[in-house]
Amino acid sequence: MRFTALKLDSLRDLLIEELRDLYNAETQLVDALPKMAEAATSQELKSAFQQHLEETRGHVSRLDRIFQQISEKSAGETCEAMKGLIKEGETLVKAQGNPDVRDAGLIGAAQRVEHYEMAGYGTARSLARRLGEDQVAEALQQTLNEEAQANEKLTSIAEGQVNVSAASGAKR
């Protein structure tokens with residue numbers, strides 16, 4: 001929660017704010033992904049969550065390097081959007097009932113997170129490009145590509161396995 005008014009005097013200020021938001025979002029996700037992996041019953045989904053946890057740790061490290069490169073601190077306010085998305089995911093982690101249906105719900109929650117991150121990384125990348133921070137933009141694009149791949153993998157798991165199992169085993 002922000003205790004002071006956000007002050008944006010330049011595009012660089014906005015970039016730093018976006019990067020801090022992403023940094024906090026990623027660190028929250030590092031805590032949430034193990035719980036999602038544990039709750040998943042599909043081995044493929046469990047593995048995807050575990051793999052994305054490792055990628056997410058890499059995203060945090062990449063953001064650390066970006067902050068060093070632009071001589072700024074990563075500390076900032078809490079990313080309330082990610083906090084809310086994770087809270088919704090926790091509801092599914094704790095859900096009772098058909099485990100295949102819960103897995104389908106976990107995929108949906110994870111994809112909402114991925115889309116939020118893709119929006120944030122795309123915005124930050126565009127700002128970095130405009131400011132001539134080409135190395136920063138390239139690093140952000142790399143993360144954006146990884147987030148898109150994670151989203152595609154979740155879609156593949158949903159459509160190829162989890163949703164099929166959920167549909168055939170769900171009570172109608």
Order by neighbour count: Thr4, Thr123, fewest other Cβ atoms within 10 Å first, most last.
Thr4, Thr123
Once the other residues with Cβ under 13 Å from the Cβ of Tyr23 are scored (Lys, Arg +1; Asp, Glu -1), what is the net sum?
-3
I'd like the orientation of helix 43-69 relative to the chain: the angle between its Cα long axis and the longest Cα principal axis, in ° from 0 to 90, rounded to 10.
0
With 26 Å as the limit, write out which pairs from Lys87/Lys153; Lys35/Lys153; Lys46/Lys73; Lys73/Lys94 have Cα-Cα distances beyond it, or answer none.
Lys46/Lys73; Lys73/Lys94
Starting from the 7 Å offset along Cα-to-Cβ, what nm value, one decimal, do you get for the label separation of Lys35 and Glu55?
2.2
Could you work out the relative contact order of the chain? I mean the mean sequence separation of Cα pairs under 8 Å and 6+ apart, divided by the number of residues, in percent.
28
For the chain, take the longest principal axis of its alpha carbons; what is the angle in degrees between that and the long axis of helix 99-130, to the nearest 10 within 0 to 90?
20
Degrees between helix 80-93 axis and first principal axis of the chain (Cα, 0 to 90, nearest 10):
10
One finds, for Lys7 and His115 with R0 = 22 angstrom and r their Cβ-Cβ distance, a FRET efficiency to the nearest 0.05 of 0.20
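All of the numbers you see were taken from the coordinates with simple rules; none came from a lab. All figures in this text were calculated on a predicted structure; none of them were measured in a lab. FYI the Cβ positions are ideal-geometry reconstructions off the backbone, even for glycines, and counts take in every protein chain you see.
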